Structures are given as C-alpha cells and as structure tokens.
C-alpha cells in the first residue's frame, strides 16, 4: 500500500464531519423526544393518566414522533459516514458495522410507526371528557410495542458499536481509549437487549452508564474534522499513513 492520497484524506475528513454533526444533531433530537416528551408523559403505573396526558399534549407527542423519524434517518447517514471513515482499516468489518446500524434504523422506524398509531387513536378520541377504556388499552399497547421493538433493535445497535469500537482501537489513528469506550457502550446496549429478552422484570439500563463512548467518538470525530480542515493534505494524513502502512502487509489489507 502506498501512502494515503489527498482525495482519501478529504473523504475521511468529510466523513468524520458528517458523522460527528449527525451524531450531535441526533443526540439533541433524541433527548428532546425521549426525555423531554415520552418519558415525561408516559407512566406505566397509571394508564388513564398517561392517555389523558398524551391527549392534552398531542401536539408535542406528534413532534416527538417526527423527531424520532429524523433520528432514524440520521442513523443511516452515520452508518454510511463511519463506513467511509473506517473502510481503510478493515473493509469487511466496516461494511458489517454499517449494515448493522442501517438495519437497526429500519427496525427503529418500524417501531416508531406504533407511536404513529397511538397518536391516531388519540386524535380520534374526544378532546374533552373521559376516554374510553378500550382506546386507553390500545394506545398503551401501541406504546409498549414501540418500546419492545426498539429494545430488540438496540441489540443490533450494540453490535454496531462493538464493531466500530474494534475498528477504532485497531486503526492506529483513533485514540485507543475511544475504541475501548465505544466497545463498552456497545456491550451496554447488548446487555440491556438480552436482559429485556430474558426477563420481563429487567429494569436495569446499563447503556445509561456506558454511553460515554458514543459521546467520546462524536467529539473526537468533530475535532478530527476541524483539525484536518486547517492542515494540508500531507499534514493531516501523516499519522494515518504511518498507522496504515504497517497494517498494509497484513491479510486484512484491501490493497
């Protein structure tokens, strides 16, 4: 393998910038939709109150649904950008990681359709007065289907992070601590997914403690893109060239 070309360096910088900005936007949209709306309005212990609260805040509920669809779309963008960024490290694993996140995004979008169904049920309900118990049950059933399907899909997301973490760790140009933290984040999602599958009483959210790796990767990608923007092609690729030249003789090299 020869040294990395300027075109490759530019594509990596753009991929890092797209991935970093998309991850940043996703974190804002997901935070507003999930923590700002869904978790604030949905109460598993009080079904009637949940339905009434959702009906009163139906506009916010619908906006949260739109935000989640945007998150799913951005997941596809991130999957593509990380594929481009890590393709020279290991083509096969980079493609597999992208496929896992892309499939996760598709399942997540299907899960969000259950929230759409819940919003339609609420929209057809009277704006005043007591809501029919049958409608209440249907609304909560749709929300539960959304949560169950999303939880299952997060297993694929965990696999994606495991692969990305390994690519980062072995790349030679991403700090290894970032790779380790991303692997830990992926393991957290897998643990939550398996916990939900194995026990209906599983209430631990490991990913809420291991997400640091995702934040670290996002920040590093933005710093990489910003730093490369003000360097020449030769300067910005020196570290990458040094790291990949040694790897070029290995059986996993694409050159």
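Read-outs throughout are calculated quantities, based only on the coordinates presented, and are distinct from any laboratory measurement. None of these values were measured; they are calculated from a predicted model. Neighbour counts run over all protein chains shown; Cβ positions are idealised from the backbone, glycine included.
Ordering 217, 63 by the number of other Cβ atoms within 10 Å of each residue's own Cβ, fewest first, gives 63, 217.
Applying D = kT/(6 pi eta Rh) to segment 56-100, where Rh is the Kirkwood radius over alpha-carbon pairs, T corresponds to 37 °C and eta to 0.692 mPa s, the Stokes-Einstein value obtained is 273 µm²/s.
Taking only the alpha carbons of segment 8-233, we obtain Rg and Dmax values of 19.5, 67 Å in that order. With a cut-off of 16 Å on the backbone N, the residues of segment 12-56 near the modelled label site 7 Å out from residue 70 along Cα-Cβ are 21-38. Distance between the modelled labels on residue 152 and residue 135, one decimal in nanometres: 2.9 nm (7 Å Cα→Cβ projection). Semi-axis lengths, largest first, of the ellipsoid equivalent to segment 85-165 are 39, 10, 7 Å, with √(5λ) applied to each eigenvalue of the Cα gyration tensor.
Among 48, 136, 53, a tally of other beta-carbon atoms within 10 Å of each Cβ gives an order, fewest to most, of 48, 53, 136. The ranking of 85, 169 from fewest to most other beta carbons within 10 Å of each one's beta carbon is 169, 85.
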